[in-house]
Amino acid sequence: MHTLLASLALLLPASADAGDQFERSIRPILAEHCIACHGSKSQKGGLRLDSREAIVRGGDSGPAIEAGDLASSLILEAVGYGSEPKMPPKGKLRPEQIDALKQWVAAGAPWPKTVVLESGPAGPDPRTHWAFQPVSAPSTPEVARADWPRTSIDRFVLRELERKGLAPSLDADRPTWLRRVTFDLIGLPPTLDEIAAFEADRSDEAHSRVVERLLASPHYGERWGRHWLDVARYADTKGYVFMQDPNYHWAWTYRDYVIRSLNADKPYDRFIQEQIAADQLEPAAERDAIAALGFITVGSRFINNQQDIIDDRIDVVSRGILGLTVACARCHDHKFDPIPAEDYYSLYGVFASSNEPEVPPPLGDPAKHAEYANFERELKVREAALAAYRESKYAELQETNRRRSGEYLVAASSGRDRPNTREFMLIADGSDLNPRMINAWRRFLDSTRGKHDPIFAPFHALVKLPAEGFAKKADALLADYRAKPAADAPINPVVLETLSSARISSLTELARTYSNLLHSAHQQGHELARRKNGGKEAVPLPEPAWEELRLVFERAGCPTKLGLDQLNDLQLLPDRPSQAKLRELREKVEKWRDSGPGAPPRAMALVDAPSPGKQRVFLRGNPGTPGAEVPRRFLRLTSTTPPPAFTRGSGRGELARAVTDPGNPLTARVFVNRVWMHHLGTPLVSTPSDFGLRSDPPTNPALLDHLASRFMSEGWSIKQLHRAIVLSRTYRQASLDRPDARAIDPENTLYWRFNRRRLDFESTRDALLAVSGRLDPTVGGRSVDDMMNPGPKKRRTLYGKVDRLNLPGVFRTFDFPDPAVSNAKRDQTTVAPQALALMNHPLVMDCAKAIADATSPSAGEPKSRVAAIYRAALHRDPAGDEVETALAYLAAAGPEAPARLAHALLMSNEFVMID
Amino acid sequence: MACGKFQPIDGEISRRDLIARGTMGFGMIGLAGVLADDAGISRRASAADTNLSPLAPRAPHFPGKAKRVVHLFMNGGPSQVDTFDPKPKLAEFHGKPLPSPNLRTERKTGAALRSPWPTKKYGKSGIEATTLFEKTASAHIDKMCVIRSMHADVPNHEPSLMLMNCGESRQPRPSFGSWVTYGLGSENQNLPGFVVLCPNGYPIYATQNWRSSFLPGAYQGTYIDSSQTDIRKLIENIRNDALPKDEQRKQLDLLRAINERHRRDRPADPQLDARIQSFELAYRMQSDAADAFDFNKEPAKIQEMYGKEIPGRQLMITRRLLERGVRFVQVWAGEGQPWDNHDNIEKAHGNLGRMWDTAISGFLTDLQQRGMLDDTLVIWGGEFGRTPVAELPQLNGRDHNHYGFTMWLAGGGAKGGYVHGATDEFGFAAIENKVHVHDLHASVLHLLGFDHERLTYRFAGRDFRLTDVHGRVVHELFA
């Protein structure tokens, strides 16, 4: 964008005079009257007038000036106050100001190099923005305390600490580190055996042995999978739906794909490629990796509003992977980042050309199931019933389109103020015209208006006549046509003759006449084809005028040619009874497909549309005002030339490559920042899903680049990244406060200590289950919805059903993020309802009781029972004073006291905090 | 922008220090707690603020007339021509098409339908209303600011509910109550700051109506099934049946001792303090909440005044919550969409009107006699209104109407005895001084002391606000 501006500036007349003229008369006019609404803060009508480039590009109505061309420069038209819009709206400019503008345009609109008019402080230059610079591989810095670092990461951290005169903290004790790294990597507490083994292992490899054990655990994928699912806005339902089943029955296959991939240490670039384009990679993905596409498809459904669904998909890819807020460019160019609306629609085109298959592909080997054959048979029967119903309704719709074309023409040409049916749903009675079809007919009529149309020219002329005296005026008009046939604008003779003899007296009659003609021509054609070839292919009517009429229903833009696949349910079935019937049939299919005996799990896949459509920019985000056509391609960001257009299908495969290209400065940085955040408690870049111009720079840029470059050079291995971080001495520091250090770096942005943290929702519940022996360690499978009921064996929290529309209260109470959108970072609030849940929830009570029961009185005297309860709940022995406090409590609190003691420990800060 | 970085108060003592130094009640510290942004762009709350005491009271941008809000959500859409925007002229055309164009709504409508209720002039202001809200209008019309020129975007429930509640019809955004609670916190840390009462179940769109979306979960509305009378069914986890109260106290004392010991070795960590306090708050909440929801404690005379039916009970609970410092109470007419009377409007609206008229009239009287009406803003209305024409072929119900409808405000700085704007002669479309839902939001935020353009939250690279890029403060609505 800047390059373009610069190159334009070179072409401009650079005379001192021109600059003077601009400064003397043009800049004051623009600054005083225009920039407030057409500048960087506000862009009414999509128009900016703060740089020459912006003026030439123009707004929704087109370029504001045509340099040197007074007649076609819209800005002059507007200030002339001759027609709408009249600008500036508060009052006409003085004549000398208007003259100055005219002279300026006539002179080619000279604009001094580098001048951008400001309606606010200037933004930084995107070309120098840190996140858009190539990832560097900084050399490992020298540090004063050379004995402290264990790894290169430590050197990057220590250098920043030393620069600020800070020293790192002492190492945490071994049990603290073990608990920290265990929760961190698998989301569960270490077992007593694991603690003992680590305590006993005094070798140099003790720490790395623990890390290897944890990384090899299947629970690792569950823990880190859940972090990724926050980014992926994972949920098991669609949000509010109107006619459909609200459930995503197969969302869990995506969740399990994520767990599986992480456990296998699938390279991150490959992991991302599969999630964008598993169906079109080379080498091909393993078959079940098709479930990866859930990343794109598992978002909210916005009552099936296509623009919103695609927006959600652009958002999850751009913020989730690239750390860019591309969705900000839906209605206008991004206000801060170099993302023009064109680029948003380039990506839009990719997703608009990617469809979800009507029947999601099965996973695994379904045929192995004994009942599979029966399952398939019954499924086909139900699917056939659904398809037959839709086809019958489609046939009806097209029959109506032809038979009642007259009524549609009337409705389409009546200029009544009606709400935009793109935006809202009309419910029709059975006999009503289909409201969506009225729109389709209107579009079709519009398409016949632009250039002379031998059939519709009289229609458009007659429609304009006033109701009063219609018949007379129509006669005159038609007589005119007959009297003065224009060679270059012929009228279809059948149309002219029929209209003339019909003595049309109203719009309704006009439309009916057209309808009869078109329908009759269609019938004749039909009949002729039936006689000639049994109706297999169309046969032209012998009379050219009739043939021209017959072909109207065959025109590409005519609603009669809309295919079944181009109509959504509401378009096809605008009335309630048929909607209900469709829902019933669909439910029968879905129910069987999802849960019939022998039903295989399925992937929430995508496939490319057979022929990717052309994509246009939607001005102001409104699909009703299409702008310029844009190719499907990747974001340009700061590159001087737009990247090449995608050529293969929807372009998803190419998009996946572009996103994970090692030259892409964002993808690796964004991911290592997320991983760092989960390990250390705070990210290096404080806005993990926004690396744009408004984000704060990394607190330690060299460290970020070190992590990112190393991540890529080590084959995008996520497990390698974990090893590098958790085996560092930075990660091993104690979390204790040090007032002197806090005075220098109160937020610990430089990591002079470890950040003490609270367990998140999943780890809290999982830890409760783990210490009480209630945890069912099964990995993967369907989501469960009895998560919070007590029971002997309970699944890990990430398997709980996430209902987007109605998330159980306890989720949000414990800061589980709203799955409506991709989430970068969880809040960590401390509120009374969390305490209430721990105090009173039956599940917590049940876990406490299980601990007490397991440490039954046979454990001996009260003292050893206290010790046993401490060991079970907190995995350590109580100190002397703790035993005393507990004994006093046991003595005072009666027979239930052991369970209540255990319960108190489960609620304690020690239980939920990680030092 | 609460996701912004932590802001030191004066360069020396950080807020976190202040909180850490406090021994009792972290929520009570620094009540003025709003850190004005230097540039005055947006209200800033530090991460420490919103995370450790998300509900601590905070001052708005400027002193607001209203301190708390009650939103009486007549879901389904009450008919304006049958309530506060009477159009006697409909009788002339009853059963016949209107002479003006019949605007397109969700279903097919045709002939004019006169209101079954007569029109009267009420109060000193002489504002006309039908007798459907006879008690409310007789006693309170001079305190009510009747906006007859409301309009929304579409005639469908779902997007209109979202627009009214979250300021956006499709995209996920925080609800109105969440924004207000985020902006002001709450006066009572022992109760949720934003309470939602709806009897028997959810309205359509369920919990999305009171979601906090990208705002922290603490700002989400707490749903109460107000048809329940058992406190255990009212608030999640509010009672522990297996643990008598005195035993729970003993257990929490033990917990406190355990936590204090743990904290001894871990100084200056506000997270630990906050969590210790949260158990004390929760303990008090159990009794306070039970008390707040126990409308049986109201004297018989008061119960009589509100009426014995569910609306009366809901509003008695509402008043008790407001007295205790709850910031925002949203009261729903019922699960589903009770006011959505496409058929038999006379019976259905009649029934709802009768119950709500008594309850609302009693509620406003009660607020006033307790001196609470001055700083409590009451908002009444649906997600849209209804058509003056009937759905054919019957002549007894009305379709949805977003072109024009009525809402009213009372108390909290709203101008009483005032009618703002007007619909056309039949009550179909707003034509004079039109007030869009965004304008209503902007105006209500103004009454609470907020510049709606500055109450923002940075998310996904944007500073979001309730009114998005819209909204105009309608100053004529203010006393």
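Select from region A:826-837 the residues that are more than 7 Å from every other protein chain (Cβ to nearest Cβ) and crowded, with 24+ Cβ neighbours inside 10 Å and list them in ascending order.
First, pick out the residues of region A:826-837 that are more than 7 Å from every other protein chain (Cβ to nearest Cβ): A:826, A:833.
Result: A:Pro833, single match.
Against the condition within 7 Å of chain A (Cβ to nearest Cβ), of a type outside the set (Phe, Trp, Tyr), surrounded by fewer than 17 Cβ atoms within 10 Å (Cβ to Cβ) and in contact (Cβ under 8 Å) with a residue 24 or more places away in the chain, how does B:Ala268 come out, does it pass?
yes
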Can you tell me which of (1) free of Cβ contacts under 8 Å to residues at least 40 places away in the same chain; (2) over 18 Å from A:Thr253 (Cα atoms) is the one A:Phe761 doesn't meet? (1)
Checking A:Arg765 against (1) surrounded by fewer than 22 Cβ atoms within 10 Å (Cβ to Cβ); (2) basic (Lys, Arg); (3) modelled with pLDDT of 95 or more: exactly one of these is not met. Which one? (1)
What pairs come out if I take residues in region A:595-624 that are over 20 Å from A:Phe351 (Cβ atoms) and pair them with residues that are outside any loop (DSSP other than H, G, I, E, B) and of a type in the set (Val, Ile, Thr) whose C-beta lies under 7 Å away, six or more apart or interchain? A:Pro601/A:Thr253; A:Arg602/A:Thr253
Scan of region B:162-181 for residues that are assigned to a helix (DSSP H, G or I) and in contact with a Gly (Cβ under 9 Å, 6 or more places away or on another chain), ordered by number: B:Met164, B:Asn165, B:Phe176, B:Gly177, B:Ser178, B:Trp179, B:Val180, B:Thr181
Could you grab me the full set of residues in region A:429-487 that are touching a residue at least 40 places away in the same chain (Cβ under 8 Å), assigned to a helix (DSSP H, G or I) and not hydrophobic (A, V, I, L, M, F, W, C)? A:Pro435, A:Arg436, A:Arg443, A:Ser447, A:Pro458
For region A:83-107, what are the residues that are under 18 Å from A:Glu23 (Cα atoms) and within 43 Å of the chain's Cα centre (by Cα)? A:Val105
Restricting region B:45-89 to residues that are at pLDDT below 95 and not in a loop (DSSP other than H, G, I, E, B), which is farthest from the other protein chains (Cβ to nearest Cβ)? B:Pro88
Checking A:Ser695 against (1) modelled with pLDDT under 95; (2) under 22 Å from A:Tyr731 (Cα atoms); (3) among the polar types (S, T, N, Q), only one condition comes out false. Which one? (2)
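Restricting to region A:28-46, and then to whatever is in contact with a helix residue (DSSP H, G or I) (Cβ under 8 Å, 6 or more places away or on another chain) and outside any helix (DSSP H, G or I), can you tell me which residue is surrounded by the most Cβ atoms within 10 Å (Cβ to Cβ)? Reasoning before the result, please.
First, the residues of region A:28-46 that are in contact with a helix residue (DSSP H, G or I) (Cβ under 8 Å, 6 or more places away or on another chain): A:29, A:37-38, A:46.
After this cut, where a residue has to be outside any helix (DSSP H, G or I) as well, the list is A:37-38.
Working: A:Cys37: 18, A:His38: 27.
Result: A:His38.
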Being buried (at least 24 other Cβ atoms within 10 Å of the Cβ), closer than 22 Å to B:Glu346 by Cα and touching a Leu at 6+ places or on another chain (Cβ under 7 Å) is the filter here; which residues of region B:408-431 pass it? B:Phe428
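Residues being farther than 27 Å from B:Phe464 by Cβ and more than 10 Å from every other protein chain (Cβ to nearest Cβ): count how many of those fall in region B:198-237.
13
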Of residues in region B:102-136 being assigned to a helix (DSSP H, G or I) and touching a residue at least 24 places away in the same chain (Cβ under 8 Å), the one nearest to the other protein chains (Cβ to nearest Cβ): B:Leu132
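Could you look through region A:648-693, keep only residues that are of a type in the set (Phe, Trp, Tyr) and away from every other protein chain (no Cβ under 13 Å), and pick out the one that is surrounded by the most Cβ atoms within 10 Å (Cβ to Cβ)?
The residue in question is A:Phe671.
Output the number of residues of region A:137-162 satisfying the condition of being of a type in the set (D, E, K, R) and assigned to a loop (DSSP other than H, G, I, E, B).
First, pick out the residues of region A:137-162 that are of a type in the set (D, E, K, R): A:142, A:145, A:147, A:150, A:154-155, A:159-160, A:162.
Keeping just the survivors that are assigned to a loop (DSSP other than H, G, I, E, B) gives A:142, A:145, A:147, A:150.
Result for region A:137-162: 4.
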Give just the number: which of (1) more than 10 Å from every other protein chain (Cβ to nearest Cβ); (2) surrounded by fewer than 21 Cβ atoms within 10 Å (Cβ to Cβ) does A:Asp881 not satisfy? (1)
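For the subset of region A:38-65 comprising residues that are basic (Lys, Arg) and out of contact with any Phe, Trp or Tyr (no Cβ under 8 Å at 6 or more places or on another chain), which member is modelled with the highest pLDDT? Talk me through it step by step, then tell me what you get.
Residues of region A:38-65 basic (Lys, Arg): A:41, A:44, A:48, A:52, A:57.
Going one step further and asking which of them are out of contact with any Phe, Trp or Tyr (no Cβ under 8 Å at 6 or more places or on another chain), we end up with A:41, A:44, A:48, A:57.
Numbers: A:Lys41: 70, A:Lys44: 78, A:Arg48: 83, A:Arg57: 80.
Once the filter is applied, the top-ranked residue is A:Arg48.
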Has region A:570-588 got any residue that is outside any helix (DSSP H, G or I), of a type outside the set (Phe, Trp, Tyr) and closer than 30 Å to A:His332 by Cβ? no
Name the residues in region A:108-128 that are touching an Asp or Glu at 6+ places or on another chain (Cβ under 8 Å), modelled with pLDDT of 65 or more and part of a loop (DSSP other than H, G, I, E, B), would you? A:Pro112, A:Val116, A:Leu117
With A:Val821, A:Val784 as the choices, which residue is over 24 Å from A:Leu874 (Cβ atoms), more than 11 Å from every other protein chain (Cβ to nearest Cβ) and of a type in the set (A, V, I, L, M)? A:Val784
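Mind checking which residues of region A:798-827 are touching a strand residue (DSSP E or B) at 6+ places or on another chain (Cβ under 7 Å) and either part of a loop (DSSP other than H, G, I, E, B) or free of Cβ contacts under 8 Å to residues at least 12 places away in the same chain (or both)?
Within region A:798-827, the first condition is being touching a strand residue (DSSP E or B) at 6+ places or on another chain (Cβ under 7 Å), and the residues that meet it are A:799-801, A:803-805.
A:Lys801, A:Asp803, A:Arg804, A:Leu805, listed by residue number.
The values are calculated or read from the model by the stated rules, or taken from the named source; none is laboratory data. Model, not experiment: these values are computed from the prediction. Every residue, glycine among them, receives a Cβ derived from its backbone with ideal geometry; neighbour counts consider all protein chains shown.
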